Structures are given as structure tokens and as C-alpha cells.
Amino acid sequence: MINSFVVSLGFILLLISLTLSVILGRNVGLKHLQLLSKEKLEIVGVAESSVFALLALLIAFTFSGAYDRYETRKLHLVEEADAFGKAYNYSYLIPKNVQATMQQDIRNYLDCYLTIFRDVSNRAKIASDLERAEEIEAKVWQAAVKASEETTNKALAQVYLPAFNDMFEAAHVGYYLTQMHPPRIIFVLLVALALLGGFLVGYTSAETKQKRPIHSICYVVLTTVIIYVIINIEYPRMGIVDMDAFDKVLIQVRQRIE
């Protein structure tokens with residue numbers, strides 16, 4: 001599981017790696033100039049353009065996918081909050097003798113998922129909270145089914161049973177949405193292309209007399225920042241990108257049903 005430390009460390013390592021790739025490319029370019037006794041390097045333009053075209057395409061692909069998943073998670077948090085609130089309201093339809101217990105179980109069920117969202121990097125804690133949520137879910141459902149069998153008004157059961165089922169489904173989908181990410185090989189390929197691009201930028205900069213060409217610096221900084229932002233959007237709550245404004249929707253529901 002990726003956490004905030006890994007994301008921040010990755011940013012630093014990527015910045016250093018891109019800088020080194022540019023320096024390596026420049027040194028190789030300077031040696032080639034000396035060996036060939038030329039002022040300009042012979043670069044296969046098609047190959048160079050292909051690398052940067054692929055890098056641009058992959059950046060666009062990963063950024064678009066990450067942002068789409070981010071928006072989906074935000075919208076689902078609203079739906080999830082609505083499902084919890086509706087299930088709690090419908091719990092007033094079940095018999096009085098199990099109503100208080102049922103409502104407390106719904107509060108505890110919501111608390112489990114709120115804890116998961118607060119610390120999505122703690123895998124052991126997530127596993128523990130999910131196990132507890134499953135136990136509460138089974139308890140709520142069994143109590144609801146039993147209440148529906150004992151009540152004389154079957155129409156009420158047809159109202160609160162679907163509400164409880166929707167709450168369970170919304171909670172499950174909300175968690176699984178946090179686990180949906182592209183294959184790691186996509187990010188490996190993205191970094192590899194960025195490093196290759198850095199090498200080519202440094203290689204072509206050997207033709208200039210400047211030790212630190214401005215376009216090389218811009219490439220390193222901009223590429224590092226873009227990849228860092230993509231990772232943060234793909235794994236929200238880990239770094240500079242959060243979902244606090246939408247997490248508050250669930251927190252407000254929890255406060256309302258207290």
C-alpha cells in the first residue's frame with residue numbers, strides 16, 4: 001500500500017533520477033562531439049519525437065484516468081452518505097424492542113468505514129475494521145430479517161430491508177473504489193519514458209555552451225511535478241490531494257444520527 005512517506009520520497013527520488021539522466025545524456029553528448037569533432041549531434045529525429053510523443057500520451061492517459069477515478073470516488077461518497085442516512089431513518093420502522101440496538105449497530109458500521117478513510121495506508125487496521133464491519137453487517141441483516149418475519153405489517157419490511165441492503169452495497173463499493181488503480185507497470189513505463197526523455201534532453205543540450213540549459217531544467221521540474229500530481233490524484237488522502245470536503249458528508253451523517 002502506498003502511503004504519504006512513499007509518495008514524498010518518490011517525488012524526491014524522481015527529481016534526482018531525472019536530473020541524473022539529463023546530466024548523463026549531456027556527458028554522453030559531449031563525448032560524442034569530441035569523438036566526432038563536430039559542433040552538432042546527429043539525432044534521429046523520428047526516434048526522439050516518438051519517445052516524447054509516447055511520454056505525452058502516457059501522461060495524458062494516466063492523468064485522465066486518475067482524475068476520472070477521483071471524481072467517481074467523490075460522487076460515491078455523497079451516495080454513500082445518503083444510503084447510511086436513509087437506512088438509519090428507516091430503522092424507526094422496525095419493532096421497538098430491537099430499534100435501539102439496530103441504530104447503534106448502524107452507527108458502529110459507519111464508524112468502521114470512517115476509520116478506514118482516515119488512514120487508508122494502514123493495511124492491518126483496514127483489515128481489522130473490515131472484519132468488524134462484516135460482523136456488524138451480518139448482525140444488522142439477521143436482526144432486520146428476523147424483525148420482518150415477526151412483524152404483522154409486511155409492507156414495512158419491504159421498505160427497510162432494501163434500505164439496509166443499499167447501505168451495505170454503498171459501503172462495499174465505496175471501499176472497493178479506493179482500491180481501483182491501474183497496473184503498476186503503467187507507472188513504471190511512465191517513469192522509464194520520463195528518464196529516457198531526460199537522457200535525450202541532456203544529449204541534445206550538449207550542442208549548447210550553457211552548462212545548465214533552461215529547457216533541461218524546465219523538463220526535469222515540470223515532468224517531476226506532473227508525475228507527482230498524477231500519483232497524488234490516483235491515491236488521494238496520501239499527499240497534497242485530499243477528499244476532506246466530501247469526507248465531511250459522511251461525518252455530518254454520523255453526527256446527525258448520534
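The values are calculated or read from the model by the stated rules, or taken from the named source; none is laboratory data. As the structure is a computational prediction, the values presented were derived from the model and not from experiment. Backbone-built Cβ (ideal geometry, glycine too); neighbour counts: all protein chains shown.
Points worth noting:
- Restricted to segment 128-144, and to residues there that are closer than 18 Å to Leu177 by Cβ and of a type outside the set (Asp, Glu), the residue that is surrounded by the fewest Cβ atoms within 10 Å (Cβ to Cβ) is Leu130.
- Given (1) at pLDDT 95 or above; (2) of a type in the set (A, V, I, L, M); (3) under 20 Å from Val249 (Cα atoms), index of the condition Ile116 fails: (1)
- Residue in segment 180-193 that is nearest to Ile16 (Cα to Cα), counting only those that are without any contact (Cβ under 8 Å) to a residue 24 or more places away in the chain and in a helix (DSSP H, G or I): Ala192
- Every pair of residues 6+ apart whose Cβ atoms lie under 8 Å, when the first sits in segment 231-250 and is farther than 14 Å from Leu114 by Cα while the second is basic (Lys, Arg) and assigned to a helix (DSSP H, G or I): Glu234/Arg69; Pro236/Arg73
- Of the residues Leu200, Leu156, Leu196, Leu161, the single one that is farther than 23 Å from Tyr88 by Cβ and either β-branched (Val, Ile, Thr) or surrounded by fewer than 19 Cβ atoms within 10 Å (Cβ to Cβ) (or both) is Leu196.
- Restricted to segment 201-228, and to residues there that are of a type in the set (Gly, Ala, Ser) and assigned to a helix (DSSP H, G or I), the residue that is modelled with the lowest pLDDT is Ser205.
- Flag for Met167 being surrounded by fewer than 18 Cβ atoms within 10 Å (Cβ to Cβ) and either touching a residue at least 24 places away in the same chain (Cβ under 8 Å) or out of contact with any Asp or Glu (no Cβ under 6 Å at 6 or more places or on another chain) (or both): no
- For segment 97-131, a residue qualifies if it is under 22 Å from Ala87 (Cβ atoms), without any contact (Cβ under 8 Å) to a residue 40 or more places away in the chain and among the hydroxyl-bearing types (Ser, Thr, Tyr), and exactly one does: Thr115.
- Of the set (1) in a helix (DSSP H, G or I); (2) at pLDDT below 85; (3) more than 30 Å from Leu110 (Cα to Cα), all apply to Asp247 but (3).
Quick grid of which residues meet (1) within 21 Å of Ile231 (Cα to Cα); (2) at pLDDT below 95; (3) in contact with a helix residue (DSSP H, G or I) (Cβ under 9 Å, 6 or more places away or on another chain):
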site	(1), (2), (3)
Gly25	no, yes, yes
Leu33	no, yes, no
Lys38	no, yes, yes
Glu42	no, yes, yes
Ala60	yes, no, no
Phe63	yes, no, yes
Lys74	yes, yes, yes
Val78	no, yes, yes
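- When we screen Glu169, Glu149 for residues that are in contact with a helix residue (DSSP H, G or I) (Cβ under 9 Å, 6 or more places away or on another chain), of a type in the set (D, E, K, R) and at pLDDT 90 or above, the only hit is Glu169.
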